[in-house]
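The structure under discussion appears below in the form of structure tokens.
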Amino acid sequence: MEYTILGILLMIIMLLYFKVADRFNIIDKPNQRSSHTEITLRGGGIIFWFSALLYFVQNVNNNYSFFVGITLVSLVSFWDDIQSLSNKIRISVQFLAITLIFLEIGLFSSVHPFGIIIAYILSIGLINAYNFMDGINGITGLYTLSVMGALLYVNTKVQLFTDATFIKYAIIASLVFLFFNYRKKAKCFAGDVGSIAIAFWVIYLVLKLILSTSSVIWLLFLAVYGVDAICTILHRLYLKQNIFEAHRLHLYQVLSNEYKVQHRIVAAIYAVTQLLVSALVIGLYQKVEDVVLFVIIIVPLLLIYTLKFYLLSKSNLKATI
């Protein structure tokens, strides 16, 4: 009953937000690098923050630092959706928010200083990678469902590391968002506020799980996004492009834009692939060495990613004929 009421409340909040976004012209206008072609309301992913708010109101003594952190990154990201902010401001706020959750989960007292530096780099990098990957209908919502579903399973069957309700609130928010976004013509896009907020939520849970089990293999719950984002950044650096500018070089963009594969199908492929990866990680947990498991997962994903270069070369060849 609790989750039904939550779903209804989030649905009402989303519909009210649509009126606000329409009133204040909070929209996403397509450009030559976009994967969509029509003007669409932006910032629908604010529903993730509202879901976190509703959880916090009922559990005011839990996850205090998390809520402050997700509020900070959501506020700055929403501002960025309306009026572009400098990267320095966004990264600074993300750094502060990450510091808050590091303090809450006791990272500073349990990890070597060098490990803390790595944790900052990975956390901020993964948050922005999540944002970079948000470019077609359904991809953020479906991918989040696959990650949160895996985390919920581990929390229930493998290692209790957080309140299960906390994960379920993120899942309900994702389902509500997908109702409006996973369409041929999306009613809204997540915007930076959505992709950054839910990425922050995911990172917080993954970090708690890593500390609880003393194993970093749970980073592989973000392997599909991670491989695509990192390899695309390296590709763009090779091409001497500004990695903070919009582009169409992610594998999902090549499939959607160059080969016209339906957005919802591409989004589903990413989510299902991550779900299979997560299932393999859970199945092999404590059965093989962490390094071996990383190799088993990452190498095939790298090979799949290289498919992009074949597709691009084939597409460019067709364009010259």
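The values are calculated or read from the model by the stated rules, or taken from the named source; none is laboratory data. This one's a predicted model, so the numbers in the text were calculated from it and none came from an experiment. Ideal geometry is used to build each Cβ from the backbone, glycine not excepted, and the neighbour counts take in all protein chains shown.
Here are a few things to note about the model shown:
- Counted as qualifying within segment 81-146 are the helices (runs of 4 or more DSSP H) with 2 or more residues that are hydroxyl-bearing (Ser, Thr, Tyr) and in contact (Cβ under 8 Å) with a residue 60 or more places away in the chain, namely 113-132.
- Against the test of being closer than 21 Å to Val299 by Cβ, modelled with pLDDT of 95 or more and of a type outside the set (Asp, Glu), the options Val266, Val227 yield a single qualifying residue, Val227.
- Restricting segment 146-161 to residues that are surrounded by fewer than 19 Cβ atoms within 10 Å (Cβ to Cβ) and hydrophobic (A, V, I, L, M, F, W, C), the residue that is farthest from Gln274 (Cα to Cα): Leu160
- Annotation note: Cβ proximity below 7 Å between a residue of segment 42-69 that is in contact (Cβ under 8 Å) with a residue 60 or more places away in the chain and over 19 Å from Gly194 (Cα atoms) and a residue that is surrounded by fewer than 19 Cβ atoms within 10 Å (Cβ to Cβ) and among the charged types (D, E, K, R) (sequence gap 6+ or interchain) occurs for Asn62/Asp163.
- Condition met for Val266 (of a type in the set (A, V, I, L, M, F, W, C) and without any contact (Cβ under 8 Å) to a residue 60 or more places away in the chain): no
- Yes/no for Ala164 being at pLDDT 95 or above, exposed (fewer than 14 other Cβ atoms within 10 Å of the Cβ) and of a type in the set (Gly, Ala, Ser): yes
- Per this entry, Ile101 is not counted among residues that are surrounded by fewer than 20 Cβ atoms within 10 Å (Cβ to Cβ) and more than 20 Å from Asp134 (Cα to Cα).
- Test: residue in segment 103-119 that is within 19 Å of the chain's Cα centre (by Cα) and over 24 Å from Arg42 (Cβ atoms): yes
- Residues in segment 29-54 that are at pLDDT 75 or above and either crowded, with 24+ Cβ neighbours inside 10 Å or in contact with a strand residue (DSSP E or B) (Cβ under 7 Å, 6 or more places away or on another chain) (or both): Thr40, Leu41, Arg42, Gly43, Gly44, Gly45, Ile46, Ile47, Phe48, Trp49, Ser51, Ala52.
- Members of segment 147-171 that are among the polar types (S, T, N, Q) and either over 13 Å from Trp201 (Cα atoms) or free of Cβ contacts under 8 Å to residues at least 40 places away in the same chain (or both): Asn155, Thr156, Gln159, Thr165
- Verdict on Tyr120 being aromatic (Phe, Trp, Tyr) and crowded, with 20+ Cβ neighbours inside 10 Å: no
- Unmet criterion (only one of (1) loosely packed, with under 15 Cβ neighbours inside 10 Å; (2) in a helix (DSSP H, G or I); (3) not basic (Lys, Arg)) for His235: (1)
- Hey, Val292 under 19 Å from Thr213 (Cα atoms) and free of Cβ contacts under 8 Å to residues at least 24 places away in the same chain or not: yes
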